[in-house]
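Colleague: Handing you a structure now.
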Amino acid sequence: MASDCWSLPETLCRFPAMEAKTLRLMRKSIDDGFRDIVRSWADTIDAATVPLQMFLNTLEHAFTGTPWVLVLVVLLAAVWGTARNWKIVLGTAVALCLIGWVGLWQDTMVTLAMVSFCTLVAVVIGLPIGIAAARSDRLQRLVSPVLDVMQTLPSFVYLIPVVVIFGIGKVPGMIAVVIYAVPPMIRLTTLGIRLVDREVTEAAEAFGSSARQKLWNVQLPLALPTIMTGVNQTIMMSLSMVVVASMVGVGGLGKNVLQAINNQFFTVGFLNGFALVAIAIVFDRSSQAFGLRLQKHREAGHD
């Protein structure tokens, strides 16, 4: 039967697709089965998330319950300890003071607690996987397509299985952020170790270094700049995902940005966006300076 599609037959104009009834039954079966599995493991899942919830609450209380002057001093000291650059410290102080001046101190501290914890978890997970993938071609071939999928999926998609399994709250948001932020840590750790000059590793083997000694004394130090870039990217992706994770109960600046979008509050959205950008710049400059200092220290040690 002809149609308006260049007067071609219907079969050539409409792509052959599964029947709507069959598709609905398939989706319903998968969704129901997934929910049944989650319900059967509900007690175990709840028990596993309790330590994470307690740690998150403790960290958040430490950021928000401590006098702002003390928190500011500790944060500036941490920036100085990593960057050793007074310009970065001064810029951090100005940014934090401006954030507090516009009434976003508490929300910023909540976001800092979340990002700090998520970054730590992502590094703890990503570093050993990246090392293992660098030492095994087979594992790298298995991990690479998984990372490709993780890095190309829209950020909102991560929330669907997380909410179904863990429900609404801080822990589900944290899990979504970690899943979204861990791929660059794995990729850049693998890349950094694999880019280490083969002659250097062969020289270490010639001097009788074991595989463990070669890893810790040669490969990781030489790969440190690339690994620190992975840490930097993990921090940036954690900050970007915090806004999306606010949809499942994560507070802080992300929640304010989401409310500003829903209610079309331009000023609120701009101020909270400015606070997120300021935090991102502080993390970025500090981590880059820290990586550069470690690299210079290593080069000085070899001279």
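Colleague: Just name one of 101, 158, 7: the one whose Cα is farthest towards the positive end of the charge dipole of the chain (beta-carbon charges, Lys/Arg +1, Asp/Glu -1).
Modeller: 101
Colleague: Further question: Among the complete DSSP H segments of the chain, which ones combine at least 18 Å of alpha-carbon extent along their axis with a mean Kyte-Doolittle hydropathy of 1.0 or more?
Modeller: Span-like helices, by this rule, are 68-83, 86-101, 105-135, 170-194, 220-245.
Colleague: Given labels modelled 7 Å from the Cα in the Cβ direction, how far is it in nm from residue 58 to residue 144?
Modeller: 4.1
Colleague: Can you figure out the FRET efficiency of residue 284 with residue 69, using R₀ = 22 Å and their beta-carbon distance, to the nearest 0.05?
Modeller: 0.30
Colleague: Which residue, 148, 284, 31, tops the fluctuation ranking in a GNM of the chain built on C-alpha contacts under 10 Å?
Modeller: Judging by the Gaussian network model, the answer is 31.
Colleague: Using Cα positions and a limit of under 18 Å, work out the aspartates and glutamates in reach of residue 255, with same-chain residues fewer than 8 apart set aside.
Modeller: By straight Cα distance, residue 255 reaches 60, 107.
Colleague: Note down the relative contact order for the chain as a percent, whole number, built from C-alpha pairs under 8 angstrom at least six residues apart.
Modeller: Averaging sequence separation for qualifying contacts and normalising by length gives 21 percent for the chain.
Colleague: What is the gain in length, in nm to one decimal, between residue 46 and residue 259 on full extension, counting 0.36 nm per residue of separation less the C-alpha to C-alpha distance?
Modeller: 73.8 nm
Colleague: In deg cm²/dmol and to the nearest 500, what is the mean residue ellipticity at 222 nm of the chain if only DSSP H runs of at least 4 residues count, each as -39500 (n - 2.57), divided by the residue total?
Modeller: -28000 deg cm²/dmol
Colleague: Give the whole-number value, in cubic angstrom per residue, of the convex hull volume spanned by the C-alpha atoms of segment 39-196.
Modeller: 156
Rule-based calculations on the coordinates, nothing more; no lab input. The structure displayed is predicted, hence computed values, not measured ones. Cβ sites come from the backbone with ideal geometry, for glycine too, and all protein chains shown count toward neighbours.
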